[in-house]
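Computed from the coordinates by the stated procedures, all read-outs in this text should not be read as laboratory data. In this text the structure is predicted, and so the values were computed from the model without any measurement. Reconstructed Cβ throughout: ideal geometry from the backbone, glycine too, with neighbour counts over all protein chains shown.
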Amino acid sequence: MPAWPSVAPRVRRIAQPTSVPATAISPTVNRLALELTDRQANALAAAISDTIPIAPEIARLQGIALAGVFQIIISESGRRTREGQAPAETADALRPEIETILAELDRWLTPAQQPSS
């Protein structure tokens, strides 16, 4: 028997849906999210630079674009949660939007083929 009481009842209580929408994101949390997105963009840029020969500023731009996808997912999920949308509904609604964004980024990030002479 564990030395501390089970947290399962509290977790179940917290995880139950509520009719009260989540509150708006605070300025502090928003700054933290932006800082994390910036760090993620830097890490992605470093990975891009390590993978292909590319100018650092272009790798940074591509890292920012990819990190932006995560920012869109987070902000849209938060907005939809505040509006009372269930997580499964949010995922279903965001999937085609994110697929479109990623397809556009793939088109944008894929180097153009040089015409053969």
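For the stretch 25-109, what relative contact order do you get, as a whole percent, if you take Cα pairs closer than 8 Å and at least 6 residues apart? Don't skip to the answer; put the middle values down first.
Working: 53 pairs, mean separation 20.7, N = 85.
Across the stretch 25-109, relative contact order equals 24 percent.
Rounded to whole Å, the principal axis extents of the Cα atoms in the stretch 25-109 read 45, 31, 13, largest first. Each of I101, P111, I64 was scored by the projection of its Cα onto the charge dipole of the stretch 48-117, and the greatest displacement toward the positive side belongs to I64; charges sit on the C-beta of Lys, Arg, Asp and Glu. Here is the list for the stretch 39-90: GluC sites (Glu not before Pro) lying in DSSP coil, each with at most 16 other C-beta atoms within 10 angstrom of its C-beta, are E83.
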